[in-house]
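Notes follow once the structure below has been shown.
The values are calculated or read from the model by the stated rules, or taken from the named source; none is laboratory data. Model, not experiment: these values are computed from the prediction. Cβ placement follows ideal geometry from the backbone for every residue including glycine, while neighbour counts extend to all protein chains displayed. Side chains are part of the model used for accessible areas, which takes the heavy atoms of the whole protein and leaves out ligands, DNA and RNA. Shrake-Rupley method; radii C 1.70, N 1.55, O 1.52, S 1.80 Å.
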Amino acid sequence: EAKFNVISNAFPGTSTADVTISFDGVSPVFASSEDNSNGVKISYSTPQKWITNTENQRYIDTSEGVNAQACNRIIAYQATGSTTAKSLTKAATNGVAKTLGMTDGALGYNPNVLKADLISGRKLVKNEEEYYEFDLAVAPTNCDSKGKDNLGLGFCPYDSILLASATVKDGKMYVFTVECTKDQWKRSNSDLKLVRSSFLVE
């Protein structure tokens with residue numbers, strides 16, 4: 001049976017002027033109130049078979065015959081301002097990246113995420129809270145006219161996948177994303193989906 005490591009970080013839970021971010025499991029920095037009574041805990045799980053190697057590359061899948069990166073980065077963040085769960089129900093119509101606040105430069109997403117194709121979306125309930133999951137396919141910024149991916153149609157197909165999960169708790173939106181290349185996706189999609197679905201806000 002697969003074993004997992006749980007990563008858990010504290011987030012402010014109150015309105016902040018800037019997005020509060022945890023890159024790759026590192027605790028976010030924010031000015032907490034003295035009692036931090038509004039604080040929340042964000043957690044997720046990664047497979048124990050994923051390690052950080054000596055070159056400081058993260059998420060190396062040590063499974064026999066693989067020994068390669070499963071994904072590029074994992075981000076959890078609390079978006080700025082206040083919102084309602086209703087905003088997530090309209091994300092597919094209004095644009096997932098825009099709805100989830102991915103346009104904030106501090107997050108460092110590929111600008112093309114705004115034009116990403118929504119492959120699938122679903123709602124699920126965990127601990128009586130609604131979570132919305134989205135699978136986004138992101139095309140490259142530049143399409144090499146002689147590249148193997150160029151289909152001669154003036155664009156290239158996607159080169160990366162972004163798995164997102166989002167929930168609203170007490171008027172604040174919390175988002176979790178796993179980013180990978182298409183090759184990583186082909187190799188590790190079942191693990192990547194498990195990581196995304198482990199996202200929890202308490």
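Numbers at a glance
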{"item": "On Cα atoms only, tilt of 182-197 relative to the major axis of the chain in degrees", "result": "20"}
{"item": "Charge sum, other residues only, whose C-beta stays under 14 Å from I75's C-beta, Lys/Arg counted +1 and Asp/Glu -1", "result": "0"}
{"item": "Pairwise label distance in nanometres, N127 with N142, each label 7 Å out on the Cα-Cβ vector", "result": "4.5"}
{"item": "Electrostatic dipole magnitude of the chain [Cβ: Lys, Arg +1; Asp, Glu -1; Cα centre; debye, to 20]", "result": "480"}
{"item": "Sequence-distant residues sharing a close amide H with N72 (under 5 Å, placed H)", "result": "E179, C180, T181"}
{"item": "By average C-beta atoms within 10 angstrom, highest first, the peptides 123-134, 5-16", "result": "5-16, 123-134"}
{"item": "Calculated log₁₀ intensity ratio I(q)/I(0) where the Debye formula runs over C-alpha points of the chain, q = 0.09, 0.17 Å⁻¹", "result": "-0.35, -1.20"}
{"item": "Protein accessible area in the chain, 1.4 Å probe - carbon and sulfur %", "result": "47"}
{"item": "Local net charge near Y59, Cβ-Cβ under 14 Å (Lys/Arg +1, Asp/Glu -1)", "result": "-1"}
{"item": "Positive-end extreme of charge dipole, the chain - chosen from S45, I60, G101 (charges on Cβ)", "result": "G101"}
{"item": "Normalised convex hull volume, region 156-202, alpha-carbon set, Å³ per residue", "result": "64"}
{"item": "Built amide H within the under 5 Å cut-off of F30, gap 5+", "result": "none"}
{"item": "Solvent-accessible area per residue, Å², over the chain with all protein chains present [probe radius 1.4 Å]", "result": "54"}
{"item": "Normalised contact order of the chain, rounded percent, pairs of Cα under 8 Å and 6 or more residues apart", "result": "23"}
